[in-house]
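One structure is given below, encoded as structure tokens.
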Amino acid sequence: MTSGSGAGPGTSSIVLRLATALFYGFSSFMLVVVNKSVLTTYQFPSFQFVGVGQMVATIVVMYSAKKLNIVKFPDWSGEIPRKAFPLPLLYIGNLIFGLGSTKRLNLPMFTVLRRFSILFTMILEYVVLGRLASGRVQAIVVLMVIGAIIAALNDLAFDLRGYVFILLNDLFTALNGVYVKKKLDSKELGKYGLLFYNALFMLFPTLAICVSTGDLEKVLAFPGWSEPLFIIQFFMSCFMGFILMYSTILCTGHNSALTTTIVGTIKNILITYIGMVFGGDYIFSWSNFVGLNISALTGIVYSYITFTEVQKSGRGG
């Protein structure tokens, strides 16, 4: 964790590569489950305030790590905002709409509709980075989206605002991923610098949103603060928000972005089926169930196709 470059798959042991992949998958899974519990089970009134908590956790941990010489990233200067832009805006959009959709959608529909982020990423990689996916990848992404549409058409718990939030979350996820890649290639701030300054820049605007919408008053009046179990889960959500971002860096650094995608896909499939049994807010119908399974299976095929294409490319190079 001493620099933002990462060890890379060629220099990491198989144990370290596997451990970082499992760490990312576990972190991502736990964050969705904990957020769902905080926002839905306990009916916490403000997903924006959860975002504030995650930003504070990121700032505190990263600043402490920098002071202890565990990580390195540039000190503040007048050039920092320019180097970070537009990532803070994309980061806050991704965070707010992600938390908002988690609160309003059942877990299976949340994970299925997140598949649209792959479609958006594929399009934006071509528009912004000039990278065109292969025909096989394009076909499987289309099938993945069709499965999501089939599931959504007969979603008996349909929530229009939840659908708008999740699609905006997908768009901001894609934009954030593409521009993170662009910023990392420039090597101006590094991974940890982007992580720290994104959280720092967006902390006060997000807090201002909480105040202006009346969410802060609702948070202060929330009766759950007297429940130790809720407090534990709230702070877990804050800390896990940081852990997820850090684990993504580790997984990508010691493996590859491809491995991170595969682990994320497998994690989403697991969440889909667990949500059906334990989520408490999934309403069964056959078309919805079939659509969910199409999306899950195409997620596996997408990972396999992408992996085999990279393997062939590596042997060819």
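Quick rundown of the values:
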| item | result |
| --- | --- |
| Any chance Ser46 is farther than 20 Å from Lys183 by Cα and open to solvent by less than 20 Å² (accessible area, probe 1.4 Å) | yes |
| Cβ pairs under 7 Å, 6+ apart, first in segment 76-98 and under 13 Å from Tyr197 (Cβ atoms), second charged (D, E, K, R) and part of a helix (DSSP H, G or I) | Leu87/Lys183 |
| Segment 53-76, residues that are outside any helix (DSSP H, G or I), touching a Gly at 6+ places or on another chain (Cβ under 9 Å) and either open to solvent by 20 Å² or more (accessible area, probe 1.4 Å) or within 27 Å of Ile209 (Cβ to Cβ) (or both) | Lys72, Phe73, Pro74 |
| Evaluation of Phe44 against (1) more than 30 Å from Ile271 (Cβ to Cβ); (2) in contact with a helix residue (DSSP H, G or I) (Cβ under 8 Å, 6 or more places away or on another chain); (3) modelled with pLDDT of 90 or more; (4) not in a helix (DSSP H, G or I) (one fails), failing number | (1) |
| Qualifying residue in segment 96-119 (condition: in a helix (DSSP H, G or I), surrounded by fewer than 19 Cβ atoms within 10 Å (Cβ to Cβ) and at pLDDT 75 or above) | yes |
| So Asn35, is it in contact with a helix residue (DSSP H, G or I) (Cβ under 7 Å, 6 or more places away or on another chain), buried (at least 18 other Cβ atoms within 10 Å of the Cβ) and either farther than 28 Å from Leu171 by Cα or at pLDDT below 85 (or both) | no |
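The values are calculated or read from the model by the stated rules, or taken from the named source; none is laboratory data. Not measured: the values here are computed from a predicted model. All Cβ positions, glycine included, derive from the backbone under ideal geometry; neighbour counts span all protein chains shown. Please note that ligands, DNA and RNA were not included when accessible areas were found on the heavy atoms of the full protein model with its side chains. Shrake-Rupley method; radii C 1.70, N 1.55, O 1.52, S 1.80 Å.
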